[in-house]
């Protein structure tokens, strides 16, 4: 079997196969039959029986953090925080060549029963219904906005609106009373570049605030799938690196001015053909001892943060 065959059989990357070849535990090491002559042979070759023997060490017996997150309808980071706070019983074992958190299925099922609120997911966009956070509705010249959306799966959704008088109503009540949506979002391609630019807006006192209009316009240009919105005492908006074609100061002065005023991470760059929202991040590649890498990865998993966040914390702490 070739490297590619082994990777396919284990459902892992070729890089992970190389790690298995150098495993510190001889029992778990995948030894090629041509380690000394692989260059002339066109690559490493492995015995089928060796691959099958090693495969038993890498079968999932229980749920990974990612598996648990899917069942609970939360992020993997959220599951890591539950583990860190001792809210979920877990154990560590090796899987796909690295140390991994495992959780018993019955533990996750019990947690789901104990936390029925997880059945409702707070979202900023519901594609099937065309609903999004701060979406404006009008009736007889009066304004209302969606301020909360709960998703109960792909089809079920609950949404709540607030009008200019601070009165709340469900979406169903608003539609029965004749309120109509004023903005529809178009589907946008997913931006795959790493990181986001971050904006921090003050929470407006009224729903006719320009701040809500700015966020709605961002949603129109960038797409809800490339944004994240969190509300507390302020409104935190995260945006993937995006080019806003045709958005220039001559036609969108207030929009650009507000973005520049409230950006806290990243850059807003005016260009001849539009506006660039840039993350301000640049990649860096370096090498380190494998034991040190494993130590860092273990700490990252325990903290439930990304490697980028871990490095930022270490650097900023000095």
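Throughout, read-outs are computed from the coordinates displayed, never taken from laboratory work. Just so you know, these numbers come straight off a predicted model, no measurement behind them. Because the Cβ atoms are built from the backbone with ideal geometry, glycine has one as well, and the counts that use them run over all protein chains shown.
Assorted remarks:
- Once C-alpha pairs closer than 8 Å and six or more residues apart are averaged by separation and normalised to the residue number of the range 197-278, the relative contact order reads 38 percent.
- Two-site FRET efficiency, residue 200 against residue 148, from Cβ-Cβ distance with R₀ of 30 Å, rounded to 0.05: 0.90
- Part-to-part distance (alpha-carbon centres) for the range 83-150 and the range 277-318, which is given in Å: 26
- When peptides 305-314, 233-242, 13-22 are ranked by their average number of other Cβ atoms within 10 Å per residue, the highest-first order is 233-242, 13-22, 305-314.
- Per-residue packing, averaged as other Cβ atoms within 10 Å, sorts the ranges 199-206, 34-41, 67-74 into the order 67-74, 199-206, 34-41, beginning with the highest.
- Inter-part distance, the range 40-55 to the range 152-207, computed on C-alpha centroids, equals 54 Å.
- Axis of helix 253-262 versus longest Cα principal axis of the chain: the two differ by about 50°, to the nearest ten degrees.
- Gyration tensor over the Cα atoms of the range 121-181: the corresponding equivalent ellipsoid has semi-axes (square roots of 5 times the eigenvalues, largest first) of 20, 11, 10 Å.
- Selected from 115, 126, 11 as most flexible by GNM, with the chain as the system and alpha-carbon contacts under 10 Å: 11
- Note that the range 197-278 carries a Kirkwood radius of 12.8 Å, evaluated over its alpha carbons pair by pair.
- Seen against the Cα atoms of the chain and their longest principal axis, helix 105-114 is set at about 20 degrees.
- Using a Förster distance of 51 Å, the FRET efficiency for residue 8-residue 276 (Cβ separation, nearest 0.05): 0.80
- Label point distance in nm, residue 15-residue 114, each placed 7 Å from Cα along Cα→Cβ: 3.7
- Distance distribution P(r), the chain, all Cα-Cα pairs, bin width 20 angstrom from 0: 24, 47, 25, 4, 0 percent.
- Note: relative contact order over the range 3-58, using C-alpha pairs below 8 Å and six or more positions apart, is 29 percent.
- On the basis of the beta-carbon distance and an R0 of 35 Å, residue 187 and residue 139 show a calculated FRET efficiency of 0.80.
- GNM flexibility winner over the chain from 216, 157, 51 (Cα, springs under 10 Å): 51
- 0 to 90° range, to nearest 10: angle between helix 290-303 axis and the chain longest Cα axis: 40
- For the chain, the relative contact order is 11 percent, taking Cα pairs closer than 8 Å that sit 6 or more residues apart in sequence and dividing their mean separation by the residue count.
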